[in-house]
Amino acid sequence: MTDIIYHLVPNEYWEAQLLDRFYVPADFAREGFIHCTRGDDQIAIVANRYYRNDRRMWRVLVIDERAVFSEIKYEPGADGVLYPHIYGPLNREAVIEVLPMPRDPDGVFQPLKGSVAEFGIGRGVDQVSVALWRRLSCAGGDRHCL
């Protein structure tokens, strides 16, 4: 099992966030925690269950759960699967990557491909390798590369 968890966020909400602040989703006050998932396939299942008819562009925050300051609890969802819930704001240092959530033209979300998580972060890849990967991935100057 890796130490990577994922969080879905609408693109326009993510872009409106201040980069020097902790992140909290729009529904945090109501929910009391940040919903996350585990595994590339699970993020697509959750996205299709809750957001398939929402035509906005979605981003995925790839989170190293070892770096999260707030408490993380694994709690069962309605489907019986244990989901990681972050009980507090998310510190930016824990977000190792921000990806567009892949989607078919008919709105079906697809599993992630080509993320740093897929290349082994959380499975023994050192931070120098992650920093190099980020530099190469963010060479285009995207202000959302972290």
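What the table shows:
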{"item": "Built amide H within the under 5 Å cut-off of Arg103, gap 5+", "result": "Gln110"}
{"item": "Residues whose placed amide H lies under 5 Å from that of Ile96, excluding near-sequence neighbours", "result": "Val62, Ile63, Asp64"}
{"item": "Convex hull projection area averaged over all views, the stretch 1-108, Cα basis, nm²", "result": "6.8 nm²"}
{"item": "Cα shape, the stretch 45-116, gyration tensor, a/c 1.5 rule", "result": "oblate"}
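Each value in this text was obtained by applying a stated rule to the coordinates, not by laboratory testing. All values derive from a computational prediction rather than experimental measurement.
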